[in-house]
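Peer 1: Encoded as structure tokens, here's the structure I'll be asking about.
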Amino acid sequence: YFFTLINLPSGTMQARTMDVAKQVASYFETTEKNNVDFDFTVAGYGFFGSGQNTGVVFTRLKDFDQRKGKQNSAQAIAQRAVGHFMMTLHDAQVFSVVPPSVSELGNSAGFDIQMEDRGNLGHDKLIQYRNMVLGMAAQDSKLQQVRPAALEDTAQIHLDVDQEKANALGITVSQFNDVLSTAWGGNFVNNFVDRGRIKRVYMQGD
């Protein structure tokens, strides 16, 4: 098996991320149908963080005896996929990764670079220099699939609650927090039994 990581620009809604994930899964199920057993798609989560603009497609391949030849190896299939997605999905970063053959031993090639703002230049400058390093690395013929190992910055909402007015209306700050947390993040309500199975009920804003 291997997995395909999906990153879209900050602020992208989950519906758009899911649409890209479906296109990725559709590619594997059609173009690579002789090699692929099935796909499993997750939106809102990625190996570099969680957010509506990220997702993962897990692809299980058929057994070795059904896909003989180097051209049908996991690595070859993943490389073809990366080339295809670079040509067709221009608003998303989509790249396939083949995990190590032996779990916990890591991949045989590749390295990470960590950058530190030791001159106290600020976040914006750090991102600017990170992009410069990525650009230079991408031009080096010895390197491939150079990418940041984190999600891009995402806009945040700051709410200023008028506590005096809220108290006058009998609304506590904790009630505010509970309502907003439920509406935006979801909240567990209860369990119910459906055809002999216990299922969990969550509430969330539309």
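Peer 1: Residues of region 187-204 being open to solvent by 100 Å² or more (accessible area, probe 1.4 Å) and within 24 Å of ASN177 (Cβ to Cβ), which ones?
Peer 2: Within region 187-204, ARG200, TYR202, MET203, GLN204 meet the criteria.
Peer 1: Next up: Within the bounds of region 94-102, is there any residue that is crowded, with 19+ Cβ neighbours inside 10 Å, among the hydrophobic types (A, V, I, L, M, F, W, C) and within 30 Å of ASP206 (Cβ to Cβ)?
Peer 2: Within region 94-102 (the criterion being crowded, with 19+ Cβ neighbours inside 10 Å, among the hydrophobic types (A, V, I, L, M, F, W, C) and within 30 Å of ASP206 (Cβ to Cβ)), the answer is yes, since at least one residue qualifies.
Peer 1: Based on this model, can you work out whether ALA21 counts as within 22 Å of ARG147 (Cα to Cα) and hydrophobic (A, V, I, L, M, F, W, C)?
Peer 2: Against the criterion (within 22 Å of ARG147 (Cα to Cα) and hydrophobic (A, V, I, L, M, F, W, C)), ALA21 qualifies.
Peer 1: To continue, here is another question. Would region 154-174 turn up any residue that is under 30 Å from LEU126 (Cα atoms) and surrounded by 10 or more Cβ atoms within 10 Å (Cβ to Cβ)?
Peer 2: yes
The values are calculated or read from the model by the stated rules, or taken from the named source; none is laboratory data. Computed from a prediction, not measured in an experiment: that's the story for all the values here. Don't worry about glycine lacking a Cβ; one is built from the backbone with ideal geometry, like all the others, and counts go over all protein chains shown. To get the accessible areas, we keep the full protein, side chains included, count just its heavy atoms, and leave off ligands, DNA and RNA. Shrake-Rupley method; radii C 1.70, N 1.55, O 1.52, S 1.80 Å.
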